[in-house]
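The values are calculated or read from the model by the stated rules, or taken from the named source; none is laboratory data. These numbers were taken from a predicted model, which means no experiment stands behind them. Note that each Cβ is placed from the backbone with ideal geometry, even for glycine, and that neighbours are counted across all protein chains shown.
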Amino acid sequence: MSDRTQPGRAAAHPGNLVFAVVFLAISGLLLSMLGEQTRAVRRVALTSQPWFWPAISLGAMTGFGALHLAFVLWERHRLLDLSAEAQEAGIWLRALEYSGWFLVYAWVVPLGGYLPTTILFALLLTWRAGYRERGLYLAAGGLSVAVVVIFKGFLGVRIPGGAVYEVLPPTLRNFMIVYF
């Protein structure tokens, strides 16, 4: 019976090693920056120091991260498949693409306006997701209009008007800035 199928033994899952290394690196980095981010206050109890509880939590994160990495390396050294680890890490990194889409969207809204930019990005993301049916594009556009109307019209969320609105006639420009 292999280690993968023994009762009571966890199977080696792709990504365990990558997660353990990244978690330990990030928690160690945060712990190393603690002295620059907090300070000690004179005549204050230890547990009331601004650095104390962050140090406890980051120390625990780093310690448990190191234990997890040691466990992964010790228990699963025979089961680790580095190509599967790399493939799993690639899947995780692909999710960052949508963070990039959001950053570009947030950068374009002040230039193109909330409504046109929201419609454009909804259509682009519909295309990016692989949908090609006309009805889905209409649904994405309609949902975009509904979101903008709800956020700006009903909820009164203040989002800066787009620079493109400056070329509109004054009355239309004011309407677009206030509602779209």
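A few points about this structure:
For every residue, the table says whether it meets (1) in contact with a Phe, Trp or Tyr (Cβ under 9 Å, 6 or more places away or on another chain); (2) of a type outside the set (D, E, K, R); (3) exposed (fewer than 13 other Cβ atoms within 10 Å of the Cβ).
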{"residue": "SER27", "(1), (2), (3)": "yes, yes, no"}
{"residue": "LEU30", "(1), (2), (3)": "no, yes, no"}
{"residue": "GLN37", "(1), (2), (3)": "yes, yes, yes"}
{"residue": "ALA40", "(1), (2), (3)": "yes, yes, yes"}
{"residue": "VAL44", "(1), (2), (3)": "no, yes, yes"}
{"residue": "THR47", "(1), (2), (3)": "yes, yes, yes"}
{"residue": "TRP51", "(1), (2), (3)": "no, yes, no"}
{"residue": "ILE56", "(1), (2), (3)": "no, yes, yes"}
{"residue": "MET61", "(1), (2), (3)": "yes, yes, no"}
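- Flag if GLY156 is at pLDDT below 95, crowded, with 17+ Cβ neighbours inside 10 Å and not in a helix (DSSP H, G or I): no
- Some residue of the range 93-104 being closer than 30 Å to ALA163 by Cβ and in contact with a Pro (Cβ under 8 Å, 6 or more places away or on another chain): no
- In the range 74-92, residue modelled with the lowest pLDDT [restricted to those that are over 28 Å from the mean Cα position of the chain (by Cα) and in a helix (DSSP H, G or I)]: GLU75
- Residue in the range 132-143 that is exposed (fewer than 15 other Cβ atoms within 10 Å of the Cβ) and not in a helix (DSSP H, G or I) present: yes
- Near pairs, Cβ below 6 angstrom, 6+ apart or cross-chain, from the range 122-147 (closer than 19 Å to ALA95 by Cβ) to any residue that is part of a loop (DSSP other than H, G, I, E, B): none
- Tabulated pairs, the range 12-38, first touching a residue at least 60 places away in the same chain (Cβ under 8 Å), second in a helix (DSSP H, G or I) and charged (D, E, K, R), C-beta under 7 angstrom, 6+ apart or interchain: PRO14/GLU85; PRO14/GLU88; GLY15/GLU85; GLY15/GLU88; LEU17/GLU85; VAL18/GLU85; VAL18/GLU88
- Meets criteria (under 20 Å from ALA20 (Cβ atoms), assigned by TED's automatic domain parsing to the domain that holds PHE23 and under 26 Å from the mean Cα position of the chain (by Cα)) for ALA70: no
- Flag if VAL167 is surrounded by 15 or more Cβ atoms within 10 Å (Cβ to Cβ) and β-branched (Val, Ile, Thr): no
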